[in-house]
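I have placed the structure first, in the form of structure tokens, so that the comments after it can refer back to it.
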Amino acid sequence: MTDRRAFMKSGAMALFAAGLGGVPSFIARAAGSSKILAPYKKTKTLVCIFQRGAMDGLMAVSPFSDPNLKLLRPTLYMSPAQTEGAMIDLDGKFGLHPSLGAFDPFFKEGRMAIVHGVGSPNNTRSHFDAQDYMESGTPFSKSTPSGWLNRAVGLTGHDASPFQAVSITSAMPRSLYGDQESLAINNLQEFAIQLRGNPFASGLASRSFEQLYDQTSSQILNKTGRESFDAMKMLNLNHIKNYQPAAGVAYPNTALGNSLKQIAILIKMNIGLEVAFAESGGWDTHFNQGTANGALARNLKDFSDSIAAFWKDMGAWQDDVTVMTMTEFGRTAHQNGTGGTDHGRASCLFVLGNDVKGGKVYSNIKTLAKEDLEDGRDLPVSTDFRSVFSAVANRHLGISNNRKLFPSWEGQSAEIMKTV
């Protein structure tokens, strides 16, 4: 009886969280506090996508006008000539890989900015270390306990929903480690039905949240409990299972496509999502990289088609959403002997949103001549990733304290976002 009263006292969110595996206890705690926003107003949402494995930025967005590129990559070089499968000429200097064609309209509309030569000042070529440094936001410290996105959540300066920061991954990404509560949800449908089969709730599983609410004394289930119930009701299985994207939108049936579709569901539920995280793998192209076709082309197509579907699905929410991509480092400027590229330094990233100063490739790249390459082999990092991340967080999430967002960094934010 004591357990049941405690269970009911903290409302429907606690019903979901109490011993059900995978739902953090902070949801139950939030149910008994005033932290939950009501009535779940629209919030700005930053969607971050990590391309794990190190994307070849020199092929994704190619500096085709540099004559050194063809010398460095005799079989990987792609021309911007007006033929099928050619690079899409962006500005006379850079070309977009044809598999990224879904990005071209966003770039032309001024909604997408591309930052080239971006990366970490730490020159490690270890995937694990480089990802850790980028996600912690402290590229020369392994002891940082928090991730930069977790710190961003803490710097928003307001109380928030338990769904403020959500990663659609099987495990919590390093970016969201820290004191601020975050959720890692691999599958929304499974998250919404965890009540089933739980021993604690075996006598209650056949009864709806509404029935449980109605049978509960108003003295026990207060106003906050009702808000908690309403929030959890938004995550009902039917809503998720029967979700229909906007007319004409078809998400790729891939890991990234499905992740972005679930993020779209959460955004449209208006339950206070402010930071969303997804990831895409398979970017480590050491051999048989291909050009217009091949492993990289397939990955680029899934990447751009998934993001394009998500953006179109956002519709009326577009003003409140910004998408930013990242990858731990780039690939060597020179192709290797197996038709691929090895671990390098700088790459490129994409920022999509109505608050972005788009239609431009932001670059401080010099040339691809050997004397301008790092160690004679790599595109050097000319833009610190923190300058881009901070610019997006400042403008879109309203964060102003870059020194807390990125400890020990003294740089300036990139001017890639529109001013208010």
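The values are calculated or read from the model by the stated rules, or taken from the named source; none is laboratory data. These numbers were taken from a predicted model, which means no experiment stands behind them. Virtual Cβ from ideal backbone geometry, glycine too; neighbours counted across all protein chains shown.
Some observations on this one:
- Any chance LYS268 is under 20 Å from the mean Cα position of the chain (by Cα) and modelled with pLDDT under 95: yes
- Residue match in region 346-361 (condition: surrounded by fewer than 24 Cβ atoms within 10 Å (Cβ to Cβ), within 19 Å of ALA130 (Cα to Cα) and modelled with pLDDT of 95 or more): no
- Qualifying residue in region 306-321 (condition: in a strand (DSSP E or B) and in contact with a strand residue (DSSP E or B) (Cβ under 7 Å, 6 or more places away or on another chain)): yes
- Hey, LYS301 more than 17 Å from MET59 (Cα to Cα) and surrounded by fewer than 23 Cβ atoms within 10 Å (Cβ to Cβ) or not: no
- Search result, residues across region 315-355 that are out of contact with any Leu (no Cβ under 9 Å at 6 or more places or on another chain), farther than 20 Å from GLY119 by Cα and among the aliphatic types (A, V, I, L, M): ALA316
- Scan of region 160-181 for residues that are in a loop (DSSP other than H, G, I, E, B) and among the hydroxyl-bearing types (Ser, Thr, Tyr), ordered by number: SER161, THR169, SER170, TYR177
- Close pairs (7 angstrom Cβ cut-off, 6 or more residues apart or separate chains): closer than 18 Å to THR327 by Cβ and outside any helix (DSSP H, G or I) in region 135-159, modelled with pLDDT of 95 or more and of a type in the set (D, E, K, R) anywhere: GLY137/ARG386; GLY147/GLU135; GLY147/ARG174
- So TRP283, is it assigned to a helix (DSSP H, G or I) and touching a strand residue (DSSP E or B) at 6+ places or on another chain (Cβ under 8 Å): no
- When residues of region 78-134 are limited to those that are assigned to a loop (DSSP other than H, G, I, E, B) and among the small types (Gly, Ala, Ser), the one farthest from THR332 (Cα to Cα): GLY110
- Flag if GLY339 is without any contact (Cβ under 8 Å) to a residue 24 or more places away in the chain, over 14 Å from the mean Cα position of the chain (by Cα) and closer than 21 Å to GLN51 by Cβ: no
- Only one of the numbered conditions (1) touching an Asp or Glu at 6+ places or on another chain (Cβ under 9 Å); (2) closer than 16 Å to PRO105 by Cα; (3) hydroxyl-bearing (Ser, Thr, Tyr) is not met by SER306, and that is (1).
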